[in-house]
Amino acid sequence: MTTPRFRSEEVPLDAFYDDLSTAHLQPLWELHGLITPTPRVRAVPYRWRADDLAKLGRRAGELVPVDRGGDRRVLAMSNPGLDGAPFISGTLWAAVQYLQPQESAPAHRHTPAALRFVLDGHGVYTQVDGDAVGMSRGDLVLTPSWTFHEHHNPGDVPMMWLDILDLPVVAALDAVFFEPGPAEEASYSQAPRSTAELRWGAGAGLAPADTGGLPQHSPLLVYRWKHTDAALDALLEAQQTTDVVLRFRDPARGGDVMPTMRCEMRRLLPGAVTTTDRQTGTRVSAVLDGHGVVELGGTSFDLAAGDVFVVPSWCTHRLRAQSRMDVFTTSDSPVLEALGLHRREQVAA
Ligand code: 1HN
């Protein structure tokens, strides 16, 4: 790309602009829209329907071998505002991944961190740095930055899940690294609980006295739906409200699950309507169960189980539940908080 050549009616200034361009310099007084009163966000609010994701995921499974391109059969949600970039927003990647029975996606590692959320199905094992984690509906599985990960489907049914990565953030920081893994492991544990869960998954405020050397991410690599579900019900009972939000936390330190991504699960009772809010950073949400409506900016999207939607930075957001509704959300809030850029406000409806 060449440096733009600015123009002026004034001859000396025009000659100056010519020399600036040659020297790869640009005059700020000719540049507009760099600093705006509020974020100017290219990503738009959008909802991907469960039906489309399921049908197109299945077709990918029929048409495309898993070893074509990156060893992952993944369909990236491409935000309609981003001119064809395979990103759900300027900061997050979201996709569905489909694995046929008896298929494997071999080990690799990369600096972008990933998480998997299972909207339906069971049977796949994701092995994270040698620890095999079985995946079932409602489970949240972490593959933090630079951990080796591979996926295996030893069962007899296909499985699809949601992948969310901080890839656009890591790419913007020019910090993407990738490494293929060692040859595929001939066998792996199919134990119901991973080693990470045996150490860190006791729940109820119990954690090992000897933490060992802690990684920069949660040492618990999977958050099981049966715990999340029970905790949501308990919180509803404790708060006597129709809308509760749980945060998935690092059991060793209490912080977010990974340095770049926050995960939460919301349960709304039938008829519940949330306040209208907006915050800096992207939120990607998926409906695990139930149906309702989400209002994003001036647009309303009806929601059914399995739908995925994106709330771009500073876009207003309000949920209405038409049945009991469980909504999983990942955001890049830890990044904004670390940089002092997190803002959140409630807006009069
Ligand atoms: C990746 O490694 C996976 O391992 C999924 O399952 C999606 C998207 C971009 C880059 C790497 C996976 C990915 C990815």
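Excluding ligands and nucleic acids, what accessible area in Å² is computed for THR195 using a 1.4 Å probe, to the nearest 10? Around 80 Å² of this residue is reachable by solvent.
What the Cα convex hull of the chain gives, in volume per residue, is 176 Å³.
Per DSSP H run of at least 4 residues, take -39500 (n - 2.57); add these up for the chain, divide by its residues and hand me the 222 nm value, nearest 500 deg cm²/dmol.
Working: 6 runs with 59 residues, N = 349.
Per the formula, -5000 deg cm²/dmol.
Only sites in a loop by DSSP and with at most 12 other Cβ atoms within 10 Å count here; which trypsin sites (Lys or Arg not before Pro) in segment 239-277 make the cut?
Loop-located and lightly packed - ARG253.
Any idea how far the Cα center of segment 152-186 sits from the one of segment 209-239, in Å? Between the Cα centres of segment 152-186 and segment 209-239 lies a distance of 23 Å.
Relative contact order, whole percent, for the chain stands at 15, derived from Cα pairs under 8 Å and 6 or more residues apart. A dipole drawn for the chain from +1 and -1 charges on Cβ atoms has a positive end, and of SER323, ALA209, ALA43 the residue lying farthest that way is SER323. Sorted largest first, the principal axis extents computed over the alpha-carbon atoms of segment 86-223 equal 39, 38, 30 Å.
With N counted as the residues of segment 247-349, its alpha-carbon radius of gyration over 2.2 N^0.38 Å works out to 1.07. Measuring between their Cα centroids, segment 266-290 and segment 64-134 lie 24 Å from each other. Accessible area per residue (1.4 Å probe, heavy atoms of protein chains only) ranks GLU62, GLU197, GLU9 as GLU9, GLU62, GLU197, with the largest value leading.
What does the charge dipole of segment 234-303 about its Cα centre add up to, to the nearest 20 debye, if the Cβ of each Lys and Arg holds +1 and the Cβ of each Asp and Glu holds -1?
Numbers: 8 positive and 9 negative charges, 56 e Å.
Charge dipole of segment 234-303: 260 debye, to the nearest 20.
Placing +1 on the Cβ of every Lys and Arg and -1 on the Cβ of every Asp and Glu, with nothing else charged, gives segment 288-337 a dipole about its Cα centre of roughly 180 debye.
Charges were assigned to the Cβ only: +1 to each Lys and Arg, -1 to each Asp and Glu. The resulting dipole of the chain about its Cα centre is roughly 800 debye. When the P(r) is computed for segment 151-190, the part past 12 Å accounts for 76% of the Cα-Cα pairs.
The local environment of ASN79, defined by Cβ-Cβ distances under 12 Å, has a net charge of +1 under the rule Lys, Arg +1 and Asp, Glu -1.
Protein-only accessible surface at a 1.4 angstrom probe places the residues TRP161, TRP48, TRP146 in the order TRP146, TRP48, TRP161, largest first. Under the Kirkwood approximation applied to all pairs of distinct alpha-carbon atoms, what is the hydrodynamic radius of segment 23-102 in Å? Every distinct Cα pair counted, the radius reaches 15.7 Å. Roughly what percent of Cα-Cα pairs across segment 1-57 reach past 19 Å? So the portion of pairs separated by more than 19 Å is 58 percent. A Förster radius of 51 Å combined with the Cβ-Cβ distance from ALA209 to VAL273 puts the calculated FRET efficiency at roughly 0.70. Once all protein chains are placed together, LEU165 keeps about 20 Å² accessible to a 1.4 angstrom probe.
The values are calculated or read from the model by the stated rules, or taken from the named source; none is laboratory data. Bear in mind the structure is a predicted one, so any value in this text is a computation, not a measurement. Glycine gets a Cβ as well: all are built from the backbone with ideal geometry, and neighbour counts include every protein chain shown. Surface accessibility is based on the protein's heavy atoms, side chains included, excluding ligands, DNA and RNA. Shrake-Rupley method; radii C 1.70, N 1.55, O 1.52, S 1.80 Å.
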